[in-house]
1. Filter the stretch 211-245 down to residues that are touching a residue at least 60 places away in the same chain (Cβ under 8 Å), in a helix (DSSP H, G or I) and either touching a His at 6+ places or on another chain (Cβ under 7 Å) or of a type in the set (S, T, Y) (or both), then give me how many there are.
2. Has the stretch 233-240 got at least one residue that is within 21 Å of S83 (Cβ to Cβ), exposed (fewer than 15 other Cβ atoms within 10 Å of the Cβ) and among the β-branched types (V, I, T)?
3. Go through (1) more than 27 Å from L259 (Cα to Cα); (2) surrounded by 12 or more Cβ atoms within 10 Å (Cβ to Cβ) one by one and return the number of the condition G174 breaks.
4. What are the pairs with Cβ atoms under 8 angstrom where one residue, in the stretch 128-153, is touching a residue at least 12 places away in the same chain (Cβ under 8 Å) and the other, located anywhere, is of a type in the set (F, W, Y) and assigned to a strand (DSSP E or B)? Sequence gap at least six, or different chains.
5. Return only the number of the condition from (1) free of Cβ contacts under 8 Å to residues at least 60 places away in the same chain; (2) within 15 Å of L106 (Cα to Cα) that L195 does not satisfy.
6. Is at least one residue of the stretch 118-129 surrounded by fewer than 16 Cβ atoms within 10 Å (Cβ to Cβ), under 29 Å from Q236 (Cβ atoms) and at pLDDT below 95?
7. crowded, with 20+ Cβ neighbours inside 10 Å and either part of a helix (DSSP H, G or I) or touching a residue at least 24 places away in the same chain (Cβ under 8 Å) (or both), is that true of Q251?
8. With a cut-off of at least 2 residues that are of a type in the set (D, E, K, R) and out of contact with any Asp or Glu (no Cβ under 7 Å at 6 or more places or on another chain), name the strands (runs of 3 or more DSSP E) lying wholly within the stretch 99-191.
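The values are calculated or read from the model by the stated rules, or taken from the named source; none is laboratory data. Here the structure is a predicted model, which means the values were calculated and not measured. Here the Cβ positions follow ideal geometry from the backbone for every residue, glycine too, while neighbour counts run over all protein chains shown.
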Amino acid sequence: MEIWLRSCYHAMALKCVGRLHPVLQQLRNPATACIWRTALVVPQQHHQGTLLSRHLATKSSKGKTKGQARVNINTALVEDIISLKDVEQDMKNVIESLKEDFNKNLSIRTSPGAFDHILVKTKDGKFPLSHLGQITLKSPRLFVINMASFPESADAAVNALRQSQMNLNPELDGTLIRVPVPPVTREHRENLTKLAKQLTNKAKDTVRKIRTGAVHNVKKCKTTVSEDTIKLIEKQIQQMADDVSAEMDKQLTSKSKELLE
């Protein structure tokens, strides 16, 4: 019985080898082998794009932005597509410009720094008023500017103060400029608050333009970069714009509170 079973197994093994023989012969043929390899290998460009997309996708964090998961792309991985660092810096520069606008245009005139933005036109060019004269707050209602170091620029300084749109009426006495501070009314404070909102909205428009330009540049690479990768980069850019916009809202809230107190 045992001998018979062994004979059956041997016969079955030979039959299987016989069926595989034509396949083995085809694999030995170089042309056929090339076809098999081509069918099994993923095109390199698509494969790299897929790997990049998957790697970028793993950078998602658990935080939420407007109900969506945040992304944190390694900028080095997409440098050949776009410089996210440059885009982010451009957006941050808008915030810094907004802060400067707040300081220049939204002063309540309660400190010498309220005149920092005033430029005096002289024969040698334009100079900040604070560089030409010593500004002192003598009382809550009176500034005194000592122009002894540049007496020849005293008249120009008076003109600059009158044209500063700060509702000032300076008086020149020798090398001293006395600047009475008009009372700050509630209406004036509210107008400054409205101006703060206008400046903020203008800054947000600038950020949107930066975002639109960056996204446009990314889409130019759609023929060489996978669609998933482009979407992730676009999401990162939108996220940066949202963060900057949120920071601007904080600046506006803080400034409005300061103006209305």
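1. 1
2. No - not one qualifying residue is present in the stretch 233-240.
3. Condition (2) is where G174 drops out.
4. Listed pairs, sorted by first residue: I135/F143; T136/F143; L137/F143; S153/F127.
5. Among (1) free of Cβ contacts under 8 Å to residues at least 60 places away in the same chain; (2) within 15 Å of L106 (Cα to Cα), L195 violates only (1).
6. No, the conditions are met nowhere in the stretch 118-129.
7. The answer is no for Q251.
8. The strands (runs of 3 or more DSSP E) meeting that bar are 171-173.
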